[in-house]
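Notes to accompany the following structure.
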Amino acid sequence: EPEVTQTPSHQVTQMGQEVILRCVPISNHLYFYWYRQILGQKVEFLVSFYNNEISEKSEIFDDQFSVERPDGSNFTLKIRSTKLEDSAMYFCASSALTYEQYFGPGTRLTVT
Amino acid sequence: QKEVEQNSGPLSVPEGAIASLNCTYSDRGSQSFFWYRQYSGKSPELIMFIYSNGDKEDGRFTAQLNKASQYVSLLIRDSQPSDSATYLCAVNSGGGADGLTFGKGTHLIIQP
(Lines give C-alpha, C1' and ligand atoms only; values in the text may rest on other atoms or scores of the structure.)
Protein backbone atom coordinates (compact mmCIF):
# COMPACT_ATOMS: atom_id res chain seq x y z
CA GLU A 1 0.00 0.00 0.00
CA PRO A 2 1.41 3.43 -0.94
CA GLU A 3 2.54 5.57 1.96
CA VAL A 4 4.09 8.92 2.73
CA THR A 5 7.77 8.73 3.62
CA GLN A 6 9.86 11.27 5.52
CA THR A 7 13.57 11.77 6.08
CA PRO A 8 15.39 12.01 8.35
CA SER A 9 13.53 10.29 11.19
CA HIS A 10 15.45 12.37 13.72
CA GLN A 11 17.33 15.62 13.21
CA VAL A 12 19.39 17.35 15.87
CA THR A 13 20.47 20.92 15.17
CA GLN A 14 21.84 23.91 17.00
CA MET A 15 19.81 27.04 17.56
CA GLY A 16 20.12 29.42 14.62
CA GLN A 17 20.94 26.73 12.09
CA GLU A 18 18.86 25.98 9.00
CA VAL A 19 17.18 22.60 8.61
CA ILE A 20 15.40 20.97 5.70
CA LEU A 21 12.89 18.23 6.33
CA ARG A 22 12.04 16.00 3.41
CA CYS A 23 8.90 14.17 2.43
CA VAL A 24 7.83 11.97 -0.46
CA PRO A 25 4.03 12.13 -0.72
CA ILE A 26 1.91 9.32 -2.11
CA SER A 27 2.56 9.33 -5.85
CA ASN A 28 -0.87 10.23 -7.26
CA HIS A 29 -1.76 12.73 -4.55
CA LEU A 30 -2.21 16.40 -5.38
CA TYR A 31 -2.33 18.17 -2.01
CA PHE A 32 0.57 18.28 0.42
CA TYR A 33 0.70 19.46 4.00
CA TRP A 34 3.04 20.00 6.91
CA TYR A 35 1.97 19.68 10.53
CA ARG A 36 3.87 19.77 13.79
CA GLN A 37 3.26 18.25 17.19
CA ILE A 38 5.14 19.57 20.20
CA LEU A 39 5.61 16.84 22.80
CA GLY A 40 2.40 16.30 24.77
CA GLN A 41 0.42 18.77 22.68
CA LYS A 42 -2.00 18.56 19.81
CA VAL A 43 -1.18 18.26 16.13
CA GLU A 44 -1.03 21.73 14.54
CA PHE A 45 -1.42 22.64 10.88
CA LEU A 46 1.43 24.62 9.32
CA VAL A 47 0.86 24.84 5.58
CA SER A 48 -0.83 23.28 2.58
CA PHE A 49 0.53 23.17 -0.96
CA TYR A 50 -1.25 22.59 -4.25
CA ASN A 51 -0.33 23.12 -7.86
CA ASN A 52 3.18 24.28 -6.91
CA GLU A 53 2.12 27.02 -4.57
CA ILE A 54 1.06 27.56 -0.97
CA SER A 55 -2.72 27.28 -0.60
CA GLU A 56 -3.16 27.95 3.08
CA LYS A 57 -0.88 28.66 6.01
CA SER A 58 -1.38 29.03 9.73
CA GLU A 59 -0.13 31.73 12.05
CA ILE A 60 2.72 29.41 13.03
CA PHE A 61 4.06 29.42 9.46
CA ASP A 62 5.96 32.70 9.62
CA ASP A 63 8.86 34.01 7.54
CA GLN A 64 11.33 31.52 8.98
CA PHE A 65 9.45 28.67 7.29
CA SER A 66 9.29 27.85 3.60
CA VAL A 67 8.13 24.93 1.52
CA GLU A 68 9.17 23.68 -1.86
CA ARG A 69 8.47 20.90 -4.30
CA PRO A 70 11.87 20.77 -6.00
CA ASP A 71 11.00 17.86 -8.29
CA GLY A 72 8.09 15.56 -9.10
CA SER A 73 8.36 13.53 -5.93
CA ASN A 74 9.85 15.47 -3.01
CA PHE A 75 8.20 18.05 -0.80
CA THR A 76 10.39 19.95 1.66
CA LEU A 77 9.98 22.15 4.72
CA LYS A 78 12.83 24.55 5.47
CA ILE A 79 13.27 26.29 8.79
CA ARG A 80 15.75 29.10 8.25
CA SER A 81 16.98 29.89 11.74
CA THR A 82 15.85 27.31 14.25
CA LYS A 83 14.76 28.22 17.76
CA LEU A 84 14.46 26.03 20.83
CA GLU A 85 10.67 26.18 20.53
CA ASP A 86 10.84 24.62 17.05
CA SER A 87 11.63 21.30 18.71
CA ALA A 88 8.73 19.03 17.76
CA MET A 89 7.62 16.16 15.55
CA TYR A 90 7.01 17.38 12.02
CA PHE A 91 4.54 15.40 9.95
CA CYS A 92 4.06 15.55 6.22
CA ALA A 93 0.69 14.52 4.82
CA SER A 94 -0.83 14.19 1.39
CA SER A 95 -4.27 13.77 -0.09
CA ALA A 96 -5.92 13.04 -3.41
CA LEU A 97 -9.08 14.65 -4.72
CA THR A 98 -11.09 12.88 -2.03
CA TYR A 99 -9.32 15.04 0.60
CA GLU A 100 -8.55 12.37 3.20
CA GLN A 101 -5.09 13.23 4.51
CA TYR A 102 -2.52 10.49 5.05
CA PHE A 103 0.40 11.17 7.33
CA GLY A 104 4.02 10.15 7.09
CA PRO A 105 5.95 8.72 10.05
CA GLY A 106 7.34 12.11 11.03
CA THR A 107 10.70 13.75 11.66
CA ARG A 108 11.66 14.46 15.23
CA LEU A 109 13.45 17.81 15.29
CA THR A 110 15.54 18.58 18.35
CA VAL A 111 17.00 22.08 18.61
CA THR A 112 19.78 22.48 21.19
CA GLN B 1 -10.57 30.66 16.37
CA LYS B 2 -11.51 27.14 15.34
CA GLU B 3 -11.59 24.76 18.28
CA VAL B 4 -12.02 21.01 18.52
CA GLU B 5 -12.69 19.66 21.99
CA GLN B 6 -12.18 16.13 23.25
CA ASN B 7 -12.12 14.60 26.69
CA SER B 8 -8.46 13.75 27.26
CA GLY B 9 -9.24 10.64 29.31
CA PRO B 10 -7.92 8.15 29.98
CA LEU B 11 -11.02 6.24 28.98
CA SER B 12 -10.79 2.69 30.25
CA VAL B 13 -12.95 0.02 28.55
CA PRO B 14 -12.99 -3.75 29.11
CA GLU B 15 -11.94 -5.96 26.22
CA GLY B 16 -14.89 -6.88 24.04
CA ALA B 17 -16.97 -3.87 25.09
CA ILE B 18 -17.93 -0.80 23.05
CA ALA B 19 -15.68 2.25 23.35
CA SER B 20 -17.39 5.59 22.74
CA LEU B 21 -15.29 8.64 21.93
CA ASN B 22 -16.73 12.11 21.55
CA CYS B 23 -15.72 15.39 19.93
CA THR B 24 -17.27 18.82 19.57
CA TYR B 25 -16.19 21.58 17.22
CA SER B 26 -16.74 25.32 17.18
CA ASP B 27 -16.72 26.24 13.48
CA ARG B 28 -20.17 25.79 11.93
CA GLY B 29 -18.52 25.95 8.50
CA SER B 30 -16.77 22.64 9.09
CA GLN B 31 -17.69 20.10 6.44
CA SER B 32 -15.27 17.20 6.80
CA PHE B 33 -14.63 15.16 9.92
CA PHE B 34 -11.90 12.66 10.57
CA TRP B 35 -10.82 10.24 13.27
CA TYR B 36 -7.14 9.39 13.55
CA ARG B 37 -5.49 6.86 15.82
CA GLN B 38 -2.09 7.73 17.24
CA TYR B 39 0.07 5.25 19.10
CA SER B 40 2.67 6.72 21.42
CA GLY B 41 5.60 8.12 19.44
CA LYS B 42 3.95 7.40 16.10
CA SER B 43 2.14 9.45 13.48
CA PRO B 44 -1.64 9.86 13.16
CA GLU B 45 -3.30 7.04 11.23
CA LEU B 46 -6.59 7.77 9.47
CA ILE B 47 -9.27 5.31 10.56
CA MET B 48 -12.59 6.98 9.70
CA PHE B 49 -13.95 9.99 7.88
CA ILE B 50 -17.50 11.30 7.60
CA TYR B 51 -18.98 14.17 5.62
CA SER B 52 -22.75 13.82 6.06
CA ASN B 53 -25.03 13.76 9.07
CA GLY B 54 -25.76 10.31 10.40
CA ASP B 55 -23.78 7.15 10.90
CA LYS B 56 -21.00 5.59 8.85
CA GLU B 57 -19.78 2.09 9.60
CA ASP B 58 -16.51 0.45 8.63
CA GLY B 59 -15.79 -2.90 10.26
CA ARG B 60 -15.71 -2.46 14.03
CA PHE B 61 -15.77 1.35 13.73
CA THR B 62 -18.80 3.62 13.46
CA ALA B 63 -18.53 7.38 13.06
CA GLN B 64 -21.53 9.54 13.92
CA LEU B 65 -22.02 13.15 12.87
CA ASN B 66 -24.56 15.70 14.04
CA LYS B 67 -23.83 19.05 12.42
CA ALA B 68 -26.69 20.82 14.21
CA SER B 69 -25.14 19.92 17.57
CA GLN B 70 -21.58 20.27 16.19
CA TYR B 71 -20.80 16.84 17.52
CA VAL B 72 -18.84 13.89 16.14
CA SER B 73 -18.38 10.53 17.78
CA LEU B 74 -16.53 7.30 17.18
CA LEU B 75 -17.73 3.93 18.40
CA ILE B 76 -15.37 0.96 18.51
CA ARG B 77 -17.16 -2.38 18.88
CA ASP B 78 -15.57 -5.52 20.30
CA SER B 79 -12.64 -3.48 21.66
CA GLN B 80 -9.26 -5.16 21.53
CA PRO B 81 -6.10 -4.40 23.54
CA SER B 82 -4.52 -3.27 20.25
CA ASP B 83 -7.12 -0.47 20.12
CA SER B 84 -5.36 1.14 23.09
CA ALA B 85 -4.12 4.45 21.69
CA THR B 86 -4.92 8.15 21.54
CA TYR B 87 -7.80 8.97 19.21
CA LEU B 88 -7.67 12.34 17.50
CA CYS B 89 -10.70 14.12 16.12
CA ALA B 90 -9.95 16.49 13.22
CA VAL B 91 -12.10 18.79 11.13
CA ASN B 92 -11.77 21.13 8.18
CA SER B 93 -13.91 23.21 5.88
CA GLY B 94 -13.98 20.52 3.24
CA GLY B 95 -11.65 21.95 0.64
CA GLY B 96 -8.69 19.93 -0.57
CA ALA B 97 -6.14 22.50 0.53
CA ASP B 98 -7.68 23.05 3.94
CA GLY B 99 -5.58 22.20 6.92
CA LEU B 100 -7.04 20.01 9.62
CA THR B 101 -7.83 21.39 13.05
CA PHE B 102 -7.15 18.69 15.61
CA GLY B 103 -8.40 18.10 19.11
CA LYS B 104 -5.97 17.10 21.83
CA GLY B 105 -7.14 13.50 21.63
CA THR B 106 -8.69 10.95 23.95
CA HIS B 107 -6.41 8.34 25.47
CA LEU B 108 -8.20 4.99 25.26
CA ILE B 109 -7.13 1.99 27.33
CA ILE B 110 -8.63 -1.42 26.61
CA GLN B 111 -8.32 -3.64 29.66
CA PRO B 112 -7.76 -7.37 28.89
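In whole Å, how far is the Cα centre of region B:31-79 from that of region A:28-53?
Taking the Cα centre of region A:28-53 as reference, the centre of region B:31-79 is 20 Å away.
Which links in A:78/B:67; A:57/B:56; B:67/B:104 stretch past 28 Å when you go from one Cα to the other?
Those over the limit are A:78/B:67; A:57/B:56.
What's the FRET efficiency of residue B:31 with residue B:55 using the Cβ-Cβ distance as r and R₀ = 22 Å, to the nearest 0.05?
0.80
Give, rounded to the nearest 20 debye, the magnitude of the charge dipole that chain B has about its Cα centre when Lys and Arg contribute +1 at Cβ and Asp and Glu contribute -1 at Cβ.
It comes to approximately 140 debye.
Write down the radius of gyration of chain A and its Dmax, each obtained from C-alpha positions, in Å.
Final numbers for Rg and Dmax: 13.1, 40 Å.
Please identify the GluC sites (Glu not before Pro) of region A:28-112 that satisfy two criteria: DSSP loop assignment and at most 16 other Cβ atoms within 10 Å. Which are they?
A:59, A:100
Mind ranking A:70-81, B:14-25 by how tightly packed they are, going by the mean number of other C-beta atoms within 10 angstrom, highest first?
B:14-25, A:70-81
Within 10 Å, count the other beta carbons around each residue, average over each peptide in B:91-98, A:87-94, B:53-60, B:103-110, and list them highest first.
Packing proxy ranking, top to bottom: A:87-94, B:103-110, B:91-98, B:53-60.
Could you report chain A's accessible area per residue, 1.4 Å probe, as an integer in Å²?
51 Å²
How many Cβ atoms of partner chains, on average, are near each residue of A:94-100 if near means within 10 Å of its Cβ?
Counting Cβ atoms of other protein chains within 10 Å of each residue's Cβ and averaging gives 4.
Note down, for chain B, the three equivalent ellipsoid semi-axes (square root of 5 times each alpha carbon gyration tensor eigenvalue), biggest first, whole angstrom. Display every interim value, and only then the final one.
On the way: eigenvalues 106, 42, 30 Å².
Taking √(5λ) for each Cα gyration eigenvalue gives 23, 15, 12 Å.
Counting only other chains, and only Cβ atoms inside 10 Å, what mean value do you get across the residues of B:96-108?
Rounded to a whole number, the mean comes out at 6.
How much FRET efficiency would the formula 1/(1 + (r/R0)^6) give for residue B:71 and residue A:80, where r is the Cβ-Cβ distance and R0 is 45 Å, rounded to 0.05?
In this case the efficiency is close to 0.65.
The values are calculated or read from the model by the stated rules, or taken from the named source; none is laboratory data. Since the model is a prediction, treat every value here as computed from it, not as a measurement. Backbone-built Cβ (ideal geometry, glycine too); neighbour counts: all protein chains shown. Surface areas here come from the heavy atoms of the whole protein model, side chains and all, with no ligands, DNA or RNA. Shrake-Rupley method; radii C 1.70, N 1.55, O 1.52, S 1.80 Å.
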